[in-house]
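In what follows, a structure is listed as structure tokens, so that the remarks can point back to it.
The values are calculated or read from the model by the stated rules, or taken from the named source; none is laboratory data. On a predicted model such as this, the values are computed, not experimentally measured, just so you know. Because the Cβ atoms are built from the backbone with ideal geometry, glycine has one as well, and the counts that use them run over all protein chains shown.
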Amino acid sequence: MNKEISNKEKIANIKKITYYGMAVNLFLSILKIVTGLIGNSQAAIADGVHSLSDLTTDIAILVGVKYWSAPPDEEHPYGHGRIETIVTAFIGFVLAATALGIGWEAISSIRDENIANPTWLSLIGIGFSIVMKEILFRVTMKYSKKTRSKSLEANAWHHRTDAFSSIPAFIAVFVSVIYPSLAFIDRIGAIIVAVIILKVAWEIFSSSFSELTDKGAKKEDIQKIKEIVLLNKDVKEVHKIRSRKHGVDTFVDLHVLVDDNMTVKDAHDIADQVKNILLDQGPEISDVVVHIEPYNASKKD
């Protein structure tokens, strides 16, 4: 079903869920920052700033989808999928910058003797955010699978980190409210939030960097490709399997060995069969180049 969705419908779906996410993020950001300021909670404010950073990534997706969804052209024969990879890397960068800012602010003020005690009000925004962001994660992830969009998937995880990071913030504020003498725990909560965000940022950024440096498919995917090709009884051997990611697309080229005495036409037909079965049953493969070689039992490569 994912391969059958039209490009126009894909763009419409990405924009739809992203606009919805922007509205939710803006509301939650304002709610947490305001309740954090009034309720004297740095952890709540930090959590609100994290939600605000989601707006940046939402805008990046809305701007980028127009370009990475464009069809291949003369200058970009493989399409424009790498633009989505760059947008995904940008999301990771924004998350990392947000984490470092939150962490630095919390560490700088943790020994402040004049820390104001957080109040119950600061818990309202955080508690409501946990529920809303988890819902937003699930809905966005559903759309990312439907559209096969890596940047949308990254943004979905961005939403979930917001939900997860709100949990230690909620606990820290709760403890600070119950035990005023432990108000510094609110800062510790902010530091924990920063560490969680930084971990997710690294996972997103490193994945995008691997793709930009033409890292091949996973070993299990290469093995699956080999097994699928060898299902063809006329294929004697398959080797030199190479692959690379281009956005959500995977491009594969491989060498297939066939009977030495086979005609050019028959060999060409086998190449077409191999290509078609990989496009149909392979691990999200978008294009295949099959190189035919003569098989010689006494001189295998």
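Descriptive notes on the structure:
- Segment 214-240 - residue that is over 31 Å from the mean Cα position of the chain (by Cα) and charged (D, E, K, R) and, of those, surrounded by the most Cβ atoms within 10 Å (Cβ to Cβ): Lys236
- Ala154 vs. criteria under 27 Å from Gly103 (Cα atoms) and in contact with a helix residue (DSSP H, G or I) (Cβ under 9 Å, 6 or more places away or on another chain): yes
- Exclusive hit being within 19 Å of Phe164 (Cα to Cα) and either buried (at least 22 other Cβ atoms within 10 Å of the Cβ) or outside the structural domain of Tyr143 (by TED's automatic domain parsing) (or both), set Thr85, Thr57: Thr57
- The lone criterion from (1) under 30 Å from Thr250 (Cα atoms); (2) not in a helix (DSSP H, G or I) left unmet by Thr119 is number (1).
- Enumeration of residues in segment 252-269 that are at pLDDT below 85 and either out of contact with any Pro (no Cβ under 6 Å at 6 or more places or on another chain) or buried (at least 18 other Cβ atoms within 10 Å of the Cβ) (or both): Asn261, Met262
- With respect to (1) over 17 Å from the mean Cα position of the chain (by Cα); (2) at pLDDT 80 or above, the lone exception for Trp202 is condition (1).
- Annotation note: Cβ proximity below 6 Å between a residue of segment 154-168 that is within 9 Å of Glu134 (Cα to Cα) and a residue that is of a type in the set (D, E, K, R) (sequence gap 6+ or interchain) occurs for His159/Lys133; Asp162/Lys133; Ala163/Lys133; Ala163/Glu134.
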